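The structure under discussion is supplied below as structure tokens; questions concerning it will follow.
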Amino acid sequence: TPIRNVKYAVEPYRVEQKPDYDKLIIEVTTDGSIHPKDALKEAAKVLIYHFMLFSDEKIMLESPDQEGNQEFDEEVLHMRQLLKTKLTDSSLNLSVRALNCLKAADVETLGDLVQYNKTDLLKFRNFGKKSLSELDDLLESLNLTFGTDITKYKLDRE
């Protein structure tokens, strides 16, 4: 193996006013046949591959030339998780009628739903004001709104 030694340390790290983050420091020593950064990238790919064995979701690896260096703060990560929530999740308590209308229109997650505005939803077959009111209340309780641009949350890369 071209890897001679690996050391790591975890240190507390503050992001803006939030001191409850950790910083991982990795020191990789190689025999010179591979750059330490490349060795770490390869090891990360192997690790992700192994994690995929436990996951239903497809994990996409980004190449360095792609735009993907954006760091996500806690709020953005929370929003991404929320937008990935399936509408069939029992915690949302949606009526069968609303679910069936949305399912017929291929609206499966909260992220799919919030991209529509109210007038577009009313054009769905069998979708009426009562269903719209139900969804409006749901989104309000989750601090979401109709007509939201979700591209900044990069849900399509997962």
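Here, each number is a calculation from the coordinates, and none is a lab measurement. Small disclaimer: the values here were computed from a predicted structure and weren't measured. Here the Cβ is made from the backbone with ideal geometry for all residues, glycine too, and neighbour counts use every protein chain on show.
At a Förster radius of 25 Å, what calculated FRET efficiency corresponds to the Cβ-Cβ distance of residue 140 and residue 21, to the nearest 0.05?
0.20
Pairs to check: 103/123; 45/86; 84/123; 130/152. Give those whose C-alpha atoms are more than 21 Å from each other in this structure.
45/86; 84/123; 130/152
Sorted by average packing, counted as other Cβ atoms within 10 angstrom per residue and highest first, what order do 114-120, 9-15 take?
Details: 114-120: 14.7, 9-15: 10.0.
In descending order of packing, they fall as 114-120, 9-15.
Label-point separation (nm) for residue 119 and residue 86, each offset 7 Å from Cα along Cα-to-Cβ?
About 3.4 nm, to one decimal.
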